[in-house]
1. In segment 83-148, what GluC sites (Glu not before Pro) fall in a loop by DSSP, with at most 13 other Cβ atoms inside 10 Å?
2. Which value, in Å², gives the accessible area per residue of the chain when a 1.4 Å probe is used on the protein heavy atoms?
3. What's the extension gain from Val34 to Ser58 if we count 0.36 nm per residue and subtract their Cα-Cα distance?
4. Excluding Ile127 itself, calculate the net charge of residues whose Cβ lies under 15 Å from the Cβ of Ile127, where each Lys or Arg counts +1 and each Asp or Glu counts -1.
5. Less than 14 Å from a label point 7 Å out along the Cα-to-Cβ axis of Val49: which backbone N atoms in segment 179-212 qualify, by residue?
6. Rounded to the nearest 10 Å², what accessible area does Ser58 show when all protein chains are kept and the probe is 1.4 Å?
7. Give me a comma-separated list of calculated 3J(HN,Hα) values for segment 133-138, in order, Karplus coefficients 6.51, -1.76, 1.60 applied at θ = phi - 60°, integers in Hz, x for any Gly or Pro.
8. List the lysines whose Cα lies under 29 Å from the Cα of Lys153, skipping any in the same chain that are fewer than 8 positions away.
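The values are calculated or read from the model by the stated rules, or taken from the named source; none is laboratory data. On a predicted model such as this, the values are computed, not experimentally measured, just so you know. Positions of Cβ are backbone-derived with ideal geometry, glycine not excepted, and every protein chain shown enters the neighbour counts. Keep in mind that these areas ignore ligands, DNA and RNA; they rest on the heavy atoms of the full protein, side chains included. Shrake-Rupley method; radii C 1.70, N 1.55, O 1.52, S 1.80 Å.
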Amino acid sequence: MFRWQACPQIRIIEHPLLQTKLTILRDRETPTTVFRETLRQMGALMLFVVSRDFETESCAVHTPIEATQGMRLRRPVVLVPILRAGLGLIDGMLDLLPGALVGHIGMSRNEETLVPHRYYGKVPKAIDEAEVLILDPMLATGNSAVAAIDEVKRMGAKRIRFVCLLSSPEGLERLHRVHADVPIFTVAVDRMLNDQGFIMPGLGDAGDRYFGT
């Protein structure tokens, strides 16, 4: 049995603000407008944690009084949401990091086989030198996450992190087995997947709840 609790590449973010906001997302009575805003807020909070060890370099800055040394990120940051639901995390992250570049990976899932099909992929040219964050609120079967990371690696990405809100043990095992070099950041690990590939207890279909479909 895969012991995700002992894996250093799997990082559970137990911040109380994230945990309480996740409860709002889980609630089936939460309306679409509140779901969207909460997901946006969680995106910003997640970025604050995920970027904690981004490398920086010194730079000159002139205050109103005199010149001094400041700090800036050493590498560009590329945010790559997995469409559709990953879009819900983008705005909050861009609030904190407006200079981030954005790519997109479109994945559709066969509801019978649960196998993803890539229908779109476009990322910034700087991806080979950037810190790349793959974004999806849910890590369920892990198939879409694996396919998205396969794609950005093919496009040249070298420094990749996967960022989600909810995970299943099955999804963690599959993603780590295929891409052991990619750190996984998640707020919670739920009990299991059901026969339809949904996380239990989960929060339903994040894309449907975000877009009101």
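1. Working: sites: Glu111, Glu112, Glu129, Glu131; in loops: Glu111, Glu112.
Of the GluC sites (Glu not before Pro), the ones in loops of segment 83-148 whose Cβ has at most 13 other Cβ atoms within 10 Å are Glu111, Glu112.
2. Numbers: 10970 Å² over 213 residues.
Computed with neighbouring chains in place, this is 52 Å² per residue.
3. Working: separation 24, 0.36 × 24 = 8.64 nm, distance 3.99 nm.
Length difference between fully extended and current span is 4.7 nm.
4. Numbers: positive: Arg75, Lys122, Lys125, Lys153, Arg154, Lys158, Arg159, Arg161; negative: Asp128, Glu129, Glu131, Asp150, Glu151.
Net charge around Ile127: +3.
5. 184-190
6. 70
7. Going residue by residue, I get 10, 8, 10, 7, x, 10 Hz, with x marking Gly and Pro.
8. Here the lysines satisfying the reach criterion relative to Lys153 are Lys122, Lys125.
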